[in-house]
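Worksheet for the structure shown next.
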Amino acid sequence: MKKVALSRLLNRTGLRSILHRTSRWSGVLALNYHRVGDARGSSLDRGLWSAGAEDFSQQLRFCRQQMEIIGPADLPRVLATRRGRYAMVTFDDAYRDNYETAFPILKHEGVAATFFVTSGFIDAPKLSWWDDIAWMVRTSRLRGMELPAWFDSPIVFDEPDREAALRVLLRRYKSMPSNDAPAYLAAIASASGTGRCPPEVGSSLWMTWDMLREMKDAGMTIGGHTVSHPVLSGMTAEKQEYEIMECGRRLASELGEPMRYFSYPVGNTTAFDETTRACLRKAGVSYAFSYYGGYRRFDDWDDYDVRRVAIETELDADWFRCIVTLPQLFG
Ligand SMILES: [Zn+2]
């Protein structure tokens, strides 16, 4: 929270603008969003909401004032110069609110964003594992649960939102081999007393191919994010290849263009490995995006690790402005 206080101080004193002008950073600052709108009262994972609609508009306007907002197709041009500061606006997972709420705002502001799509969610709409876990925790009638195979001590549901318990459960999922995930979800379903979330909750959660085609025709870029959103690293080469190639095949057949851009599910430094990179090369992907913060300098460029900053609802306007103008400190 020191960064919140610092961002306020830098903005109020005018120091932020001065530091922005005098600092030497150059490269690409990619911002990543998941959902746009109002998370209050949702039984799903509220951590996925990146901004309210009005905040999202303001963020786009601020970004545009500061630097050119580019799409992934602009990267070869920008990389040829290796100079200047550029922003990218990206979305992961393909939630329906991206089309209903974010897309009209992007058109109004004249910003072309990139949407990374989990093709299996579009083809057969169902809840993601993180929303499933959130639903089980939030709708449980218990005060907590024991998962002895996974945690040494009981998980206590912190009221009223049970947010801390949820964060612990999600973090554990992200750190386990993907083979263990089905047993983990089944254990939560049993220990919470809720069973798994009913499928109808997920039926209208994602965009449709028609929506994605409309967005592409309006200048948005659509990229891949696997078939089923697993953590790719640690999977066999065959499984990784299926998740990447099949996602690419579905994008190409629905959108009429090959998958050139990709973002790693979860996206931290351990979420992808050399096998993943080899699969991306084989699939013809030009650029792949990670998700562990920071920006990508031109003198440290990596086509398959374009870094992205998480945009989250708890960022206030001061903090956002510091991320955009001083990413070497705040990104
Ligand atoms: Zn994702």
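Readers should treat all values here as calculations from the given coordinates under stated rules, not as data from a laboratory. All of these numbers come straight from a predicted model, not from anything done at the bench. Don't worry about glycine lacking a Cβ; one is built from the backbone with ideal geometry, like all the others, and counts go over all protein chains shown.
Please state the shape class of region 1-58: rounded when a/c is under 1.5, otherwise prolate if a/b exceeds b/c and oblate if not, all from the C-alpha gyration tensor.
It comes out prolate by the Cα gyration axes.
Would you mind checking LYS3/LYS107; LYS126/LYS239; LYS126/LYS174; LYS2/LYS107 for any pair whose Cα atoms are more than 30 angstrom apart? Write down the numbers at each step before the final one.
Values: LYS3/LYS107 32 Å; LYS126/LYS239 21 Å; LYS126/LYS174 19 Å; LYS2/LYS107 35 Å.
Beyond 30 Å between Cα atoms: LYS3/LYS107; LYS2/LYS107.
Compare the peptides 114-124, 79-89 by average per-residue count of other Cβ atoms within 10 angstrom and give them in order, highest first.
On the way: 114-124: 21.8, 79-89: 16.2.
Descending packing order for the listed peptides: 114-124, 79-89.
How large is the dipole of the chain about the Cα centre if only Lys and Arg carry +1 and Asp and Glu carry -1, each at its Cβ, rounded to the nearest 20 debye?
About 1160 debye.
Amide H to amide H under 5 Å from LEU147: which residues, 5+ apart in sequence or cross-chain, H placed 1.01 Å off N in plane?
ILE155
Loop only by DSSP, 16 or fewer other Cβ within 10 Å of the Cβ. Give me the chymotrypsin sites (Phe, Trp or Tyr not before Pro) in region 242-325 that pass, ordered by residue number. Each step should come with its number before you reach the end.
Values: sites: TYR242, TYR261, PHE262, PHE272, TYR287, PHE289, TYR291, TYR292, TYR295, PHE298, TRP301, TYR304, TRP319, PHE320; in loops: PHE272, TYR291, TYR292, TYR295, TRP301, TYR304.
Loop-located and lightly packed - TYR292, TRP301.
List the relative contact order of region 129-200 as a percent without decimals, with contacts defined as Cα pairs under 8 Å and 6+ residues apart. Each step should come with its number before you reach the end.
Details: 72 pairs, mean separation 30.9, N = 72.
Relative contact order for region 129-200 comes out at 43 percent.
Please compute the length gained on full extension between GLU200 and TRP25, using 0.36 nm multiplied by the number of residues separating them and subtracting their Cα-Cα distance.
Full-extension gain reported as 58.3 nm.
Evaluate the relative contact order of the chain (contact order divided by residue number), counting alpha-carbon pairs under 8 angstrom at least 6 apart; express in whole percent.
23
Considering the dipole of the chain built from charges on the beta carbon (Lys and Arg +1, Asp and Glu -1) around the Cα centre, which of GLY41, ASN11, PRO125 is farthest to its positive end?
In the chain, that residue is ASN11.
Based on alpha-carbon centroids, what's the gap between region 63-126 and region 304-331 in Å, whole number please?
15
From the convex hull of the Cα coordinates of region 129-200, what is the mean projected area in square nanometres?
4.5
Given R₀ = 30 Å, FRET efficiency for ALA5-ASP161 by Cβ-Cβ distance, to 0.05?
Details: r = 25 Å, r/R0 = 0.83.
Result of the calculation: an efficiency of 0.75.
Just to confirm my numbers, what's the Cα centroid distance between region 212-234 and region 1-36 in Å?
If we compute the Cα centre of each part, the gap is 29 Å.
Only four residue types carry charge here, +1 at the Cβ of Lys and Arg and -1 at the Cβ of Asp and Glu. Report the dipole size of region 39-82 about the Cα centre in Debye, rounded to the nearest 20.
Computed charge dipole of region 39-82: roughly 80 debye.
May I ask for the angle, rounded to the nearest 10°, between helix 274-283 and the longest principal axis of the chain, with both axes built from Cα atoms and the value confined to 0 to 90°?
70
Starting from the eigenvalues of the Cα gyration tensor, five times each then square-rooted, give me the equivalent ellipsoid semi-axes of region 1-152, largest first, whole Å.
In descending order the semi-axes read 34, 22, 16 Å.
Mind putting a number on the dipole of region 129-200 about its Cα centre? Charges go on the C-beta only, +1 for Lys and Arg and -1 for Asp and Glu, and I need it in Debye to the nearest 20.
40
Identify which of LYS282, LYS216, LYS174 has the largest mean-square fluctuation in a Gaussian network model of the chain, with springs joining Cα atoms closer than 10 Å.
Largest GNM mean-square fluctuation: LYS282.
Using label points projected 7 Å from each Cα along Cα→Cβ, tell me how many nm separate SER190 and THR269, to one decimal.
So the two model labels end up 3.7 nm from each other.
Evaluate the Debye formula for region 266-323 with equal point scatterers sitting on the alpha carbons, no solvent, and hand back log10 of I(q)/I(0) at q = 0.18, 0.20, 0.21, 0.23 Å⁻¹, in q order, two decimals.
-0.70, -0.81, -0.86, -0.95
Mind pulling the per residue volume of the convex hull built on the Cα atoms of the chain? Å³ is fine.
Roughly 137 Å³ of hull volume per residue.
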